[in-house]
Amino acid sequence: MKGNDIERKITIIGAGPAGLKAAITIADLGGEVLLVDENPYVGGQLVKQTHKFFGSKELYCGLRGFEIAKIFEEEIKKRSNIELFLNACAVGLYLENNKKIVALVKNEKLMKITTDVLIIATGAYENFLLFENNDLPGVYGAGAVQTLVNQYGVRPGKSCLMVGSGNIGLIVAYQLLQADIEVKAVIEILPKVTGWYVHYAKLKRCGVPILTSHTILKAIGKDEVEGAVICKVNRNLKPIKGTEKRLKVDFICLAVGLTPFTDLLWQINAKLLYIPELGGFVPYYDENYETSIPGIFVCGDVSGIEEASTAMIEGEIAGISAYEKIYGKRKETEALKEKKKKELFALRKGPHSKKILIGLKKLKNGY
Amino acid sequence: MPKENYNPRIEIHPILNFEKKKLVKFYFEGKEYYGYEDEPIACALIANGIKVFHITKEKKRKRGFFCAIGRCSSCLMKVDGKKNVMVCITRLKEGMKIERQ
Ligand SMILES: Cc1cc2nc3c(=O)[nH]c(=O)nc-3n(C[C@H](O)[C@H](O)[C@H](O)COP(=O)(O)OP(=O)(O)OC[C@H]3O[C@@H](n4cnc5c(N)ncnc54)[C@H](O)[C@@H]3O)c2cc1C
């Protein structure tokens, strides 16, 4: 164990868009940083995303997720003050005096990182849904299917039922069509589609039925999914008897939201708040993205489910704050942080950010 | 739309190019199969039409792949004699022996 122990000033867990931007920001301000990720590659969820991004040039508009991940890979390589550990999973977090101790399993060996400042950018995981036979092989997370199809070129089946019309549901349904897989329907329990209109319109143009006020009752099949039963719901979102319909599909995708991956924060008793608008339990953090534990910062999906562009800016702000904690504040760092905060504010102006803003207000008020 | 000659491996895609890696042999429940080196074991299984990854002890319910990012534990299998391996994030190597645990 001893030979594997290291000490660092700033450590970041998670090399998704949030953690990557944090690392680059710290490096460009002149700091040194260790970035760890459990995967053999950087990019987090970006590597499986094939749709083009919107927004500004700084946020890589016009590029596809996996292309952005490639750019990040190059940017990390270019900076000698970023140390990168891949195949390295943080499994434990402890506090000792003012230091943070990360238990890391790297290439199947346990090692100890003692760090002054820690940024947690661990992202999120997919939600599950309650219905009969939901454990049948062939009931997959939509993001999981995205991994199979876009990252590894494997079709999970021929014909799919997509449950959920948020952005992930809509985007993945379209990506299934691109992979020559039939999408029997996209169903949504609410009376209207919840994802962005652009993504909805693309599917509509391809003739995919998008059924609002519908839910899934059960999966059918002996060893694996052979079909699904869906039905209409009333205003209270309860199934309406007599409206059941059987669909012949060989897999079912669940795109019913994400939950922040907060395990490490629970371990150190950080203050967490239940805020449904942000995806469930999220860590409390201040305007510098510092949690209730001094020296521990968060950014990206782990601090509230949003999307990649906002995750990147949050990463930059958390990165600047972490840098200031070790190397001190400068006019330059303060000005940069203000600029980033403004960018984030501007990104959240659209109607789709309403929910996030409500959630953030609750977070600020501490309940 | 569903295809006559259904192939789980995507050959043609409007945006993506899947570089072919080395084809390797592996064993599932003693039978020989092929997959690409370093792809997640789960991908190789699904590409070979295998969707049932394990059967629960008491209720004998079948379980498969779910999250693909090492979070949900739905894909635990025995790999080269080692139990509880998450096959969605463990990479395929030549000669691997994969079993339902
Ligand atoms: C399955 C899935 C699919 C998605 N698809 C889309 C989409 O198509 N379009 C879209 O706009 N948004 C999508 N999202 C939303 C996406 O989460 C955000 O766009 C963005 O990726 C969030 O960035 P992040 O850096 O916070 O997290 P992530 O991109 O999730 O990155 C977190 C990284 O941390 C690593 N990590 C976590 N815990 C540890 C640990 N203990 N030790 C070491 N490493 C760890 C993870 O493996 C990952 O690489 C998807 C999310 C998920 C979960």
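Below, the figures for the structure above:
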{"item": "Residue in the range B:54-61 that is assigned to a strand (DSSP E or B), modelled with pLDDT of 95 or more and buried (at least 19 other Cβ atoms within 10 Å of the Cβ) present", "result": "no"}
{"item": "Number of the exception - B:F26 against (1) of a type outside the set (S, T, N, Q); (2) within 13 Å of chain A (Cβ to nearest Cβ); (3) touching a helix residue (DSSP H, G or I) at 6+ places or on another chain (Cβ under 8 Å)", "result": "(2)"}
{"item": "One residue from A:I320, A:I305 being assigned by TED's automatic domain parsing to the domain that holds A:L35, at pLDDT 95 or above, part of a loop (DSSP other than H, G, I, E, B) and surrounded by 19 or more Cβ atoms within 10 Å (Cβ to Cβ)", "result": "A:I305"}
{"item": "The range A:76-99 - residue that is touching a helix residue (DSSP H, G or I) at 6+ places or on another chain (Cβ under 8 Å) and within 15 Å of the ligand (Cβ to nearest atom) and, of those, farthest from the other protein chains (Cβ to nearest Cβ)", "result": "A:Y94"}
{"item": "Single unsatisfied condition, A:S292 versus (1) open to solvent by less than 60 Å² (accessible area, probe 1.4 Å); (2) more than 16 Å from the ligand (Cβ to nearest atom); (3) under 21 Å from A:G257 (Cβ atoms)", "result": "(3)"}
{"item": "Verdict on B:Y34 being more than 9 Å from chain A (Cβ to nearest Cβ), surrounded by 14 or more Cβ atoms within 10 Å (Cβ to Cβ), more than 27 Å from A:G65 (Cβ to Cβ) and out of contact with any helix residue (DSSP H, G or I) (no Cβ under 6 Å at 6 or more places or on another chain)", "result": "no"}
{"item": "Top-ranked residue in the range A:195-234 [being in contact with a Ser or Thr (Cβ under 6 Å, 6 or more places away or on another chain) and without any contact (Cβ under 8 Å) to a residue 24 or more places away in the chain; ranked as most open to solvent (accessible area, probe 1.4 Å)]", "result": "A:K232"}
{"item": "Meets criteria (more than 9 Å from chain A (Cβ to nearest Cβ), in contact (Cβ under 8 Å) with a residue 24 or more places away in the chain and touching a Ser or Thr at 6+ places or on another chain (Cβ under 9 Å)) for B:I55", "result": "no"}
{"item": "Residue within the range A:139-158 that is within 14 Å of chain B (Cβ to nearest Cβ), open to solvent by 10 Å² or more (accessible area, probe 1.4 Å), outside any strand (DSSP E or B) and farther than 30 Å from B:G49 by Cβ present", "result": "no"}
{"item": "Where B:N84 falls short, out of the listed (1) part of a loop (DSSP other than H, G, I, E, B); (2) touching a residue at least 12 places away in the same chain (Cβ under 8 Å); (3) over 30 Å from A:E67 (Cα atoms); (4) more than 10 Å from chain A (Cβ to nearest Cβ)", "result": "(1)"}
{"item": "Selection count where residues are open to solvent by less than 10 Å² (accessible area, probe 1.4 Å) and outside any helix (DSSP H, G or I), scope the range A:17-41", "result": "5"}
{"item": "Residues of the range A:90-133 satisfying the condition of being under 23 Å from the mean Cα position of the chain (by Cα), open to solvent by less than 80 Å² (accessible area, probe 1.4 Å) and under 30 Å from B:L45 (Cβ atoms)", "result": "A:A90, A:V91, A:L104, A:V105, A:K106, A:T122, A:G123, A:A124, A:Y125, A:E126, A:N127, A:L129"}
{"item": "Out of A:V249, A:V229, sole residue that is assigned by TED's automatic domain parsing to the domain that holds A:Y140 and part of a loop (DSSP other than H, G, I, E, B)", "result": "A:V249"}
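The values are calculated or read from the model by the stated rules, or taken from the named source; none is laboratory data. Bear in mind that the values here come from a model prediction, so they are computed numbers and not experimental data. Cβ: placed from backbone, ideal geometry, glycine included. Neighbour counts: every protein chain shown. Protein only, heavy atoms only, side chains kept; ligands, DNA and RNA dropped before computing areas. Shrake-Rupley method; radii C 1.70, N 1.55, O 1.52, S 1.80 Å.
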